[in-house]
Structures are given as structure tokens and as C-alpha cells.
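S.K.: One structure follows; several queries about it will come next.
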Amino acid sequence: LQVLHEHGGRVLSAAFSPDCKFILTGSSDKNVRLWDLHGNLVKTFDARDASVAAVAFSPGGNSFIAGLGNGTVRWWDLNGNRPRDFNGHKDRVYSVTFSRDGRHILTASKDGTVRLWNLKGKQFQVFRGHDAPVVAAAFTPGDTHIVTGSTDNTLRLWQLRGKELHVFTGHEDGVYSVAFSTCGQQVLTGSKDR
């Protein structure tokens with residue numbers, strides 16, 4: 001058991017590197033921290049502007065993205081070179097993820113939108129349809145569709161071009177976590193309704 005103690009605020013997100021050698025943590029203290037598996041702090045990335053609500057490693061493990069409380073999506077390489085900001089969300093970014101091929105980034109926000117970006121920060125698509133903050137988003141295993149979960153109690157399936165294919169209902173409170181099975185045929189959801 002390793003306990004990581006360096007953050008000065010709530011830890012809001014965590015992720016393993018693809019090679020399972022490192023851990024990223026994002027916090028309300030406006031920092032992202034990189035750790036080795038022995039609990040040693042390797043590097044601190046200062047987000048400056050806002051709390052860090054979401055973090056995700058790139059598939060190659062040499063960079064990561066962070067979703068910030070001010071609506072910014074920030075991309076760092078692990079060497080700490082100047083980060084690139086992706087701007088478009090109007091409020092806190094709750095979820096960030098790379099496509100499995102590493103060519104796109106998917107972000108979900110309190111502003112009720114989900115956005116698909118390339119690595120240069122260009123928005124390919126904005127997904128609108130939820131009636132409340134979107135707190136979870138995931139690609140299908142083949143990167144052909146996405147699923148989004150919201151505090152409007154629904155889960156929605158979309159084509160990458162922005163067409164909404166289906167609205168899943170049944171939860172009695174917000175959907176805060178979504179995950180596809182590796183075969184892409186099932187979706188697992190977690191909700192505030194327990």
C-alpha cells in the first residue's frame with residue numbers, strides 16, 4: 001500500500017500510465033503530480049489558473065491532458081515543456097480522455113457540452129443534447145462512437161460527427177461514470193442514485 005501525501009487540496013482525479021510505471025494525480029490545489037509506483041514524487045505541473053478535475057495519459061504515455069476548473073483543457077509532455085491550452089468550454093471540465101489511436105481528445109464539461117479535438121487544439125465536433133452538466137465521456141474501443149453521462153440522469157450514444165443515436169434512461173440521479181466493455185457491446189454506468 002502506497003499513500004501519496006504531497007497535494008495541498010482534494011485529489012479529484014488519478015490515472016496510471018500505459019506502461020504501469022507512473023501515476024498522475026490532479027487536485028484542487030491547482031497542481032498535477034507525477035509519481036512513481038513507490039510513491040516518490042517525480043514532477044509537479046502547475047496548472048496556475050484553476051483546480052484540476054480530470055487527468056489522462058496519452059496512449060504512448062509521453063504526455064497527458066488535464067481538465068481544469070476554468071474550462072481549459074491543458075496538454076503537457078512529461079518533460080514539462082510549455083503546455084498547450086485548448087479553449088472552448090465555458091465552465092469546469094469534468095472528463096478528459098484520448099482516443100485509443102492517440103489522435104483525438106474527448107472532453108466533457110459543466111457547460112453541458114462534449115468536445116472532440118485534434119492534438120493541435122482544433123475542435124472537430126461539439127456534442128449538444130444534455131440538459132445539464134456532462135461529467136463523463138468515453139470512446140468505443142474502435143473510436144467510432146462516444147457515450148456521455150450527465151447530471152440530467154441520462155446516458156447518450158453519439159456518432160463522432162455529432163449525431164445523437166440513442167438516449168438511455170433508467171437512472172434516477174446523475175450519471176457520473178461511464179465505461180465501454182473491451183468488445184464495445186456493453187456500457188457500464190455509475191450514478192448518484194447508488
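S.K.: So which of Leu37, Leu41 is in contact with a Cys (Cβ under 8 Å, 6 or more places away or on another chain) and open to solvent by 40 Å² or more (accessible area, probe 1.4 Å)?
M.R.: Numbers: Leu41 fails: in contact with a Cys (Cβ under 8 Å, 6 or more places away or on another chain).
None of the other options fit; the residue is Leu37.
S.K.: When you check Ala138 against the structure, is it at pLDDT below 95, in a strand (DSSP E or B) and within 15 Å of the chain's Cα centre (by Cα), yes or no?
M.R.: On the way: at pLDDT below 95: no; in a strand (DSSP E or B): yes; within 15 Å of the chain's Cα centre (by Cα): yes.
Against the criterion (at pLDDT below 95, in a strand (DSSP E or B) and within 15 Å of the chain's Cα centre (by Cα)), Ala138 does not qualify.
S.K.: Could I ask something else about it? Report yes if Leu68 is touching a residue at least 24 places away in the same chain (Cβ under 8 Å) and more than 22 Å from Leu119 (Cα to Cα), otherwise no. Lay out the reasoning, then the answer.
M.R.: Working: touching a residue at least 24 places away in the same chain (Cβ under 8 Å): yes; more than 22 Å from Leu119 (Cα to Cα): no.
Against the criterion (touching a residue at least 24 places away in the same chain (Cβ under 8 Å) and more than 22 Å from Leu119 (Cα to Cα)), Leu68 does not qualify.
S.K.: Let me ask something else. Residues in region 107-129: is at least one open to solvent by 20 Å² or more (accessible area, probe 1.4 Å) and within 15 Å of Ala15 (Cβ to Cβ)?
M.R.: no
S.K.: I need the full set of residues from region 154-194 which are part of a loop (DSSP other than H, G, I, E, B), crowded, with 18+ Cβ neighbours inside 10 Å and either at pLDDT below 95 or within 19 Å of the chain's Cα centre (by Cα) (or both), in order please.
M.R.: Of all residues in region 154-194, those part of a loop (DSSP other than H, G, I, E, B) come to 154, 160-163, 169-174, 181-186, 192-194.
Pick out the ones that are also crowded, with 18+ Cβ neighbours inside 10 Å and you get 154, 160, 171, 174.
If the condition is that a residue be part of a loop (DSSP other than H, G, I, E, B), crowded, with 18+ Cβ neighbours inside 10 Å and either at pLDDT below 95 or within 19 Å of the chain's Cα centre (by Cα) (or both), then Thr154, Leu160, Gly174 are the ones that fit.
S.K.: Return yes when Gly149 is within 15 Å of the chain's Cα centre (by Cα), under 17 Å from Lys192 (Cβ atoms) and open to solvent by less than 30 Å² (accessible area, probe 1.4 Å) and no when it is not.
M.R.: Values: within 15 Å of the chain's Cα centre (by Cα): yes; under 17 Å from Lys192 (Cβ atoms): yes; open to solvent by less than 30 Å² (accessible area, probe 1.4 Å): yes.
When the stated conditions are applied, Gly149 passes them.
S.K.: Sort through Asp46, Asp29, Asp77 and tell me the only one that's without any contact (Cβ under 8 Å) to a residue 24 or more places away in the chain, open to solvent by less than 70 Å² (accessible area, probe 1.4 Å), farther than 27 Å from Ser150 by Cα and of a type in the set (Asp, Glu). If you could, list the steps in order and put the result at the bottom.
M.R.: Details: Asp46 fails: open to solvent by less than 70 Å² (accessible area, probe 1.4 Å); Asp29 fails: farther than 27 Å from Ser150 by Cα.
Going through Asp46, Asp29, Asp77 in turn, just one is without any contact (Cβ under 8 Å) to a residue 24 or more places away in the chain, open to solvent by less than 70 Å² (accessible area, probe 1.4 Å), farther than 27 Å from Ser150 by Cα and of a type in the set (Asp, Glu): Asp77.
S.K.: While we're looking at this one, here's another question. Name the pairs whose Cβ atoms lie under 6 Å apart, with the first residue in region 169-180 and closer than 14 Å to Ser109 by Cα, the second outside any loop (DSSP other than H, G, I, E, B) and open to solvent by 40 Å² or more (accessible area, probe 1.4 Å), and 6 or more positions between them or separate chains?
M.R.: Here the result reads Val175/Thr189, each pair linking region 169-180 to a residue that is outside any loop (DSSP other than H, G, I, E, B) and open to solvent by 40 Å² or more (accessible area, probe 1.4 Å).
S.K.: Which residues, counting only those in region 50-72, are open to solvent by less than 20 Å² (accessible area, probe 1.4 Å), touching an Asp or Glu at 6+ places or on another chain (Cβ under 7 Å) and over 18 Å from Phe16 (Cα atoms)?
M.R.: Of everything in region 50-72, those that are open to solvent by less than 20 Å² (accessible area, probe 1.4 Å), touching an Asp or Glu at 6+ places or on another chain (Cβ under 7 Å) and over 18 Å from Phe16 (Cα atoms) turn out to be Leu68, Gly71, Thr72.
The values are calculated or read from the model by the stated rules, or taken from the named source; none is laboratory data. Nothing here was measured: the structure is a model prediction, and the numbers come from that model. Positions of Cβ are generated from backbone atoms using ideal geometry, with glycine treated the same way; all protein chains shown enter the neighbour counts. Just the protein is used for accessible areas: all its heavy atoms, side chains included, with ligands, DNA and RNA removed. Shrake-Rupley method; radii C 1.70, N 1.55, O 1.52, S 1.80 Å.
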